[in-house]
């Protein structure tokens, strides 16, 4: 999507803060938004990777880097303070940073659950709360948060991940109801299996074993297509969007209408 101009005019002249911008969906969002004329604030923990992404973006010199470890709440709040003081409240906040995990519940430890929840849920709450007053004072802003189909339908081996993504949906639903009449918009993205390096990150961070593979991720939706659908949802100001292909796309609908069938399908589905 680096060379695409499909979203030209929709984000031109706007500022977008992307967390988790050093890889995966966040990296692809950076390229697409830069091509569409947005000025970016790129955040992740690894400065060298952020520099790599920035240098590959259109008009690279215009974009900013704010290094932050989303596992450190004080660092998240400090990053928000820095952005507000130096750049002002962004027009778009993409809460995209996240980590997955792979383990049976019987084998998982409490520290892993806390780590996943801290990154996937509590950091989002902290960053959103920190920026919210400035957005409300301005009377505009769009908060986009990456949840997952796993936030709508729980699946095996990902209990911590599913829990955190369910929590995000609940938080964003509440936020949307509170701020809609004050000029703010809230979009929750629910991707399915997308071709990213999320499992490599989980192995590196210790939330998945070093020998874990994930063929459903490897064979998932191309990341550029996922980002195209995500940004279309943002432009349309959709409240929540499922981003998936084939049978996976219908999993949330099946669960809502035919829950017993959904539970049966999940029990037998290939999820690794």
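The values are calculated or read from the model by the stated rules, or taken from the named source; none is laboratory data. Model, not experiment: these values are computed from the prediction. Cβ atoms come from the backbone with ideal geometry, glycine included; neighbour counts cover every protein chain shown.
For (1) buried (at least 24 other Cβ atoms within 10 Å of the Cβ); (2) within 17 Å of the chain's Cα centre (by Cα); (3) more than 23 Å from residue 141 (Cα to Cα); (4) at pLDDT 95 or above, each residue gets a yes or a no:
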{"residue": "19", "(1), (2), (3), (4)": "yes, yes, no, yes"}
{"residue": "22", "(1), (2), (3), (4)": "yes, yes, yes, yes"}
{"residue": "25", "(1), (2), (3), (4)": "yes, yes, no, yes"}
{"residue": "29", "(1), (2), (3), (4)": "yes, yes, no, yes"}
{"residue": "33", "(1), (2), (3), (4)": "yes, yes, no, yes"}
{"residue": "38", "(1), (2), (3), (4)": "yes, no, no, yes"}
{"residue": "43", "(1), (2), (3), (4)": "yes, yes, no, yes"}
{"residue": "48", "(1), (2), (3), (4)": "no, no, yes, yes"}
{"residue": "58", "(1), (2), (3), (4)": "no, no, yes, yes"}
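Please state which one of 98, 151, 88, 141 is touching a residue at least 60 places away in the same chain (Cβ under 8 Å) and buried (at least 16 other Cβ atoms within 10 Å of the Cβ). Give the steps one after another, and end with the answer.
Values: 151 fails: touching a residue at least 60 places away in the same chain (Cβ under 8 Å); 88 fails: buried (at least 16 other Cβ atoms within 10 Å of the Cβ); 141 fails: touching a residue at least 60 places away in the same chain (Cβ under 8 Å).
That would be 98, the only listed residue that is touching a residue at least 60 places away in the same chain (Cβ under 8 Å) and buried (at least 16 other Cβ atoms within 10 Å of the Cβ).
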Might you let me know whether region 134-143 holds any residue that is outside any helix (DSSP H, G or I) and modelled with pLDDT under 90?
no
Looking at the structure I just gave you, is residue 13 farther than 30 Å from residue 159 by Cα and either within 15 Å of the chain's Cα centre (by Cα) or assigned to a loop (DSSP other than H, G, I, E, B) (or both)?
yes
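For region 163-272, give me every one of the helices (runs of 4 or more DSSP H) that falls completely inside it and has 2 or more residues that are out of contact with any strand residue (DSSP E or B) (no Cβ under 8 Å at 6 or more places or on another chain) and surrounded by fewer than 14 Cβ atoms within 10 Å (Cβ to Cβ).
215-218, 246-249, 251-257, 259-268
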Answer yes if at least one residue in region 117-133 is touching a residue at least 60 places away in the same chain (Cβ under 8 Å) and in a loop (DSSP other than H, G, I, E, B), and no otherwise.
no
